Every structure is written in C-alpha cells, then in structure tokens.
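Novice: Quick one: structure below, then a few questions.
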Amino acid sequence: MAKRDFLAIADFTRDEIRSLFDLAERMKKGAYREAPLAGKTLAMIFAKSSTRTRVSFEVGAYQLGGRALFLSSRDIQLGRGEPIADTARVLSRYVDGIMIRTFDHNDVVELARHATIPVINGLTDLSHPCQVLADLFTMREAFGGWEGKRVAWVGDGNNMANSWIEAAQVLGFELRLACPEGFEPNRGMFDRAKAAGGCIEITEVPEEAVEGAHVVNTDVWASMGQEQEAEVRRRAFKGYTVDAELMKLADPKAIFLHCLPAHRGEEVTADVIEGPQSRVWDEAENRLHVQKALLAVLMG
C-alpha cells in the first residue's frame with residue numbers, strides 16, 4: 001500500500017474526514033480497544049515549542065500501543081545543517097512515522113517527498129491542519145456536522161485561517177474571515193478554495209464576519225516567531241477582540257473556539273473564553289482523539 005501523508009486538510013476528502021471522525025468518536029468513547037501501533041515508533045521533530053501538539057501525539061501513540069520520540073531540532077543534526085532529505089531517508093529506516101512542527105512549510109513538503117514513511121504536519125507558518133481537524137470534530141460534536149453552518153474567523157490571517165479556508169473548500173460550509181488590512185490569509189490558498197467553489201469571504205469588519213455565525217474562532221495576534229512585531233500588531237488588531245458584544249451577533253447557539261495559548265484581554269475577553277459558549281477545553285482534548293485516529297489510519 002502506498003504511504004499517505006497528512007500535510008494539509010485538502011490531503012483528505014470529505015468522506016475520509018468523516019470516517020476519520022467516526023474512528024475518533026469511537027476512541028473518545030472508549031469503544032476502541034485495538035493497538036495498531038504496537039511495536040511502532042513515531043518520531044516527533046520540534047523546531048517550535050509546544051504543549052498540546054507534543055502531549056497529544058506522545059500520549060496518543062502510547063495509547064495505541066506504540067511510542068513517540070521527541071526530537072528537538074537543536075538536538076538532531078537537522079539543526080546543524082544536515083539536509084532535510086538525508087534526515088528523511090535515515091529516519092525512514094528507524095521509525096514508522098514522522099510528525100514535524102516547524103516554521104517553513106516547504107521543509108515539511110521536502111521531508112515528505114524523501115521519507116518512505118507517513119509524515120504529519122504538526123504545524124508550519126502556512127498551515128495547522130491537525131488543530132483544524134480537532135476544531136471540525138468539536139463542531140461536529142456541537143452541531144452534528146458542518147452542513148449549512150457558518151464559521152467566523154476574527155483576527156490574523158495566519159496558519160489557522162489558512163487551514164480553515166482549506167476545510168471550507170473540502171467540506172462546503174460557509175467561512176467568513178475578518179482580518180485587518182495587511183494581515184489577510186494566504187492568497188494562493190484563498191484563490192484555490194474560491195476556484196473550487198468554496199463559500200469564503202474576507203472582510204475588515206469583525207461584525208460582518210460574526211453575524212449569524214455558528215462558530216466564532218480566533219487566535220493570538222502575534223504567533224511564535226512574531227514576538228518582535230507584537231506592538232505593531234496590537235495596534236493593527238484594535239477592534240478585533242472577541243467580546244460578549246461581538247458574540248451577541250452570532251447565532252444564539254454559537255460556540256467559541258481558540259487553538260490556545262490565549263491572551264485574555266487581547267484577541268478574546270476572559271468572560272468569553274470562560275463563558276458558557278466556549279468549547280475551548282473540549283477542542284484541546286479533541287486534539288488527542290483526532291490525532292489518534294490519524295495515527296491509526298496512517299501508521300496502523
């Protein structure tokens with residue numbers, strides 16, 4: 001069987017995402033008892049630090065009968081200039097899968113090209129597909145699915161926004177993104193999604209994006225590696241805080257999502273993230289269940 005990678009939401013079809021979520025649901029309910037990773041090892045390469053990605057993949061591999069190796073890019077030869085292709089070929093002879101969390105998306109693409117084992121994108125500056133899978137699964141738990149639903153994104157057109165654009169393209173829900181000028185999502189991904197019939201709009205007005213939305217979603221204003229831009233971004237994102245007033249414009253049954261870590265008082269107020277509409281902690285937990293399903297499908 002040819003190896004499968006998961007580098008972007010668009011790598012899976014709508015039906016494949018559905019069956020992945022069916023498996024994740026069984027795992028979450030404790031109805032799944034198999035150990036498809038028995039005797040297998042997942043290598044986890046981290047160029048960016050992490051809480052949820054590391055813990056969920058490491059625990060997930062263990063719960064499926066396998067083990068995970070934490071490889072900081074500082075500790076392996078990749079951090080000292082070894083070509084990605086060489087790392088890919090060597091790791092392919094030791095382990096059964098690779099998860100990588102790094103800056104440049106092209107590094108992940110190259111790793112996958114040269115590896116003979118499955119490669120999973122744990123986050124790049126371009127996309128964050130594992131997190132958006134968990135968000136979509138959380139959405140399915142809340143609404144039974146995404147058909148006929150409207151998702152709002154408020155804030156930076158970052159890797160999360162890009163993966164939401166791909167999700168809207170594949171699954172067909174409506175997506176409205178509110179981003180300040182100069183902070184829009186990736187143009188190529190947006191144009192591809194629109195050309196494929198995606199119902200996606202970009203505005204500079206948060207109220208336009210949130211009106212009638214079933215999901216209201218945001219992220220920090222300055223992501224990892226952008227700390228030096230924090231003050232510029234704080235000024236640019238003034239008025240883009242998800243607060244109780246903004247949430248009132250959404251559907252009455254709307255849920256609030258945030259991939260974490262959160263900066264209360266910046267992109268979201270404490271009363272929203274701690275409030276009754278917040279599904280942030282379910283969303284964080286769902287990283288584990290969805291990624292376990294992903295590991296079972298790709299490495300099992």
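Novice: For the chain, find the longest principal axis of its Cα atoms and tell me its angle to the long axis of helix 280-299, 0 to 90°, nearest 10.
Specialist: Its long axis makes an angle of about 30 degrees.
Novice: Follow-up. Give me the aspartates and glutamates in straight-line cross-link reach of K194: C-alpha distance below 18 Å, same-chain residues under 8 apart excluded.
Specialist: Those aspartates and glutamates meeting the cut-off are D11, E147, E166, E174, E184.
Novice: Exposure proxy check: S92, S127, S49 ranked by fewest other beta carbons within 10 Å? Mind dumping the intermediate values first?
Specialist: On the way: S92 18, S127 27, S49 10.
With the fewest neighbours first, S92, S127, S49 line up as S49, S92, S127.
Novice: Contour minus end-to-end for S72 and D104, with contour as 0.36 nm per residue of separation and end-to-end as the Cα-Cα distance? Before the final figure, lay out the partial values.
Specialist: Working: separation 32, 0.36 × 32 = 11.52 nm, distance 1.57 nm.
That works out to 10.0 nm of additional length.
Novice: Here is a further query. Could you check the spin-label model distance between D15 and R234? Points 7 Å from the Cα along Cα→Cβ, value in nm.
Specialist: 5.2
Novice: Another question, then. Given a cut-off of under 8 Å on Cα pairs at least six residues apart, what relative contact order in percent is computed for the stretch 131-283?
Specialist: Values: 287 pairs, mean separation 37.0, N = 153.
Computed over the stretch 131-283, the figure is 24 percent.
Novice: For D282 paired with R264, estimate the spin-label separation in nm (one decimal), with each label point 7 Å from Cα along the Cα-to-Cβ line.
Specialist: 2.1
Novice: Given the pairs K28/K48; K3/K292; K149/K238; K28/K253; K3/K40; K149/K292, which span a C-alpha to C-alpha distance of over 21 angstrom in this model? Don't skip to the end; give the middle numbers.
Specialist: Details: K28/K48 28 Å; K3/K292 17 Å; K149/K238 28 Å; K28/K253 24 Å; K3/K40 15 Å; K149/K292 26 Å.
Over 21 Å Cα-Cα: K28/K48; K149/K238; K28/K253; K149/K292.
Novice: Just rank Y240, Y94, Y62, fewest to most, by other beta-carbon atoms within 10 angstrom.
Specialist: Final ranking by Cβ density, sparse to dense: Y94, Y62, Y240.
Novice: If you don't mind, another one. May I ask you to derive the FRET efficiency for S49 and E211 from their Cβ-Cβ distance with R0 = 51 Å, giving the value to the nearest 0.05?
Specialist: Details: r = 37 Å, r/R0 = 0.72.
Calculated transfer efficiency: 0.90.
Novice: At most 13 other Cβ atoms within 10 Å and a DSSP loop assignment: could you name the trypsin sites (Lys or Arg not before Pro) in the stretch 34-133 that fit?
Specialist: Numbers: sites: K40, K48, R52, R54, R67, R74, R80, R89, R93, R101, R113; in loops: K40, K48, R74.
Passing both the DSSP loop test and the Cβ count: R74.
Novice: Along Cα→Cβ, 7 Å out, is where each label goes; now give me the distance between the ones at K29 and R80 in nm to one decimal.
Specialist: Calculated label separation equals 5.1 nm.
Novice: Compute the acute angle (0 to 90°) between the alpha-carbon long axis of helix 159-171 and the principal axis of greatest extent of the alpha-carbon atoms of the chain; round to the nearest 10°.
Specialist: That works out to roughly 90 degrees.
Novice: What list do you get for K248, K28, K194 if you sort them by fewest beta carbons within 10 Å? Mind showing how you got there, number by number?
Specialist: Values: K248 10, K28 19, K194 15.
Ranked by crowding around the Cβ, least crowded first: K248, K194, K28.
Bear in mind that the values in this text are calculations on the coordinates, not laboratory data. The structure displayed is predicted, hence computed values, not measured ones. As a convention, Cβ positions derive from the backbone with ideal geometry for all residues, glycine included, and neighbour counts pool all protein chains shown.
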